[in-house]
1. Name every residue in the stretch A:59-91 that is under 23 Å from the mean Cα position of the chain (by Cα), in a helix (DSSP H, G or I) and either at the interface with chain B (Cβ under 9 Å from one of its Cβ atoms) or touching a residue at least 40 places away in the same chain (Cβ under 8 Å) (or both), in order of residue number.
2. Residues to consider are B:Lys30, B:Lys70; find the one that is modelled with pLDDT of 95 or more, out of contact with any helix residue (DSSP H, G or I) (no Cβ under 6 Å at 6 or more places or on another chain), more than 10 Å from chain A (Cβ to nearest Cβ) and farther than 25 Å from A:Asp108 by Cα.
3. For residues in the stretch A:92-124 being touching a residue at least 60 places away in the same chain (Cβ under 8 Å), more than 30 Å from B:Asn49 (Cα to Cα) and part of a helix (DSSP H, G or I), which is most open to solvent (accessible area, probe 1.4 Å)?
4. Please specify each residue of the stretch A:97-124 satisfying the condition of being under 24 Å from B:Ser29 (Cβ atoms) and within 12 Å of another protein chain (Cβ to nearest Cβ).
5. May I ask you to verify whether A:Leu53 is at pLDDT below 95 and open to solvent by less than 60 Å² (accessible area, probe 1.4 Å)?
6. Among the listed residues B:Gln13, B:Gln52, identify the single one that is of a type in the set (S, T, N, Q) and either at pLDDT below 85 or open to solvent by 30 Å² or more (accessible area, probe 1.4 Å) (or both).
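The values are calculated or read from the model by the stated rules, or taken from the named source; none is laboratory data. Treat the numbers as computed from the prediction; the structure is a model and nothing was measured. In this analysis, Cβ positions are derived from the backbone assuming ideal geometry, glycine residues included, and neighbour counts consider all displayed protein chains. We work out accessible area using only protein heavy atoms, side chains counted, and drop any ligands, DNA or RNA first. Shrake-Rupley method; radii C 1.70, N 1.55, O 1.52, S 1.80 Å.
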Amino acid sequence: MALRAAILRHVRVPVQTLSLTAPKSIPWGSFLRSMSSHGDDHLSKEEVIERVLSVVKDFPKVDPSKVTPDVHFQKDLGLDSLDNVEIVMALEEEFKLEIPDKEADKIDSLSLAIEYIHNHPMAS
Amino acid sequence: MGISRGARLSGMQKQVLSLYRGFLRAARSKPEEERRKIESILSEEFRRNSKQVDRKNFIYIEYLLRRGKKQLDQLKDPGTTGLSSLQVHLPQTNKRGH
């Protein structure tokens, strides 16, 4: 018995194998995602650009082939000031925002829309 | 009163656009079908006036703005489902008779 105890005390389980197999069993991907969305879930500029482009292209009076990230709604797309209001309202719905009149009146181009939405903390 | 194309907006134009925005916001709270109808009537009304009304006829534009604000207040009432009761010269849109 004394001999067995002595042997057991000296046996070392190789710790290495544990650390090698462990990562495979933990869903790191979802763990990291949940951590990142808990903190800063701000939209990336690329995503804002893509979604703004698609809202404007879907606007009935707009020729989608003319829509690029630097077009002016009225000068380049032939829209009027009422269309401009409708586009900004459609962007509000897309990004779940409410844009005050004072700001909305200034948004007359795609680049200004992208800038405003990208800088808005509540855009989602 | 003419529709601006990229020029700086006058105070009166801003008031008109703000009223239009207010109407579109109020329309959002209505059921989908009513909302579409309201939006098409709004778009038609505002565009018709923008073509027909002389942009220098401030007194008339002021009158239209005041009338529009009253109509907007009525539309904001949750019981109001359409614009038919507000704009009597247009075809009835929400009286289905059953």
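1. Of everything in the stretch A:59-91, those that are under 23 Å from the mean Cα position of the chain (by Cα), in a helix (DSSP H, G or I) and either at the interface with chain B (Cβ under 9 Å from one of its Cβ atoms) or touching a residue at least 40 places away in the same chain (Cβ under 8 Å) (or both) turn out to be A:Val88, A:Met89.
2. Result: B:Lys70 is the single residue among B:Lys30, B:Lys70 that is modelled with pLDDT of 95 or more, out of contact with any helix residue (DSSP H, G or I) (no Cβ under 6 Å at 6 or more places or on another chain), more than 10 Å from chain A (Cβ to nearest Cβ) and farther than 25 Å from A:Asp108 by Cα.
3. A:His118
4. Result: A:Glu98, A:Ile99, A:Pro100, A:Asp101, A:Lys102, A:Glu103, A:Ala104, A:Asp105, A:Ile107.
5. Details: at pLDDT below 95: no; open to solvent by less than 60 Å² (accessible area, probe 1.4 Å): yes.
Answer is no for this residue.
6. Details: B:Gln13 fails: either at pLDDT below 85 or open to solvent by 30 Å² or more (accessible area, probe 1.4 Å) (or both).
Checking each option against the conditions leaves just B:Gln52.
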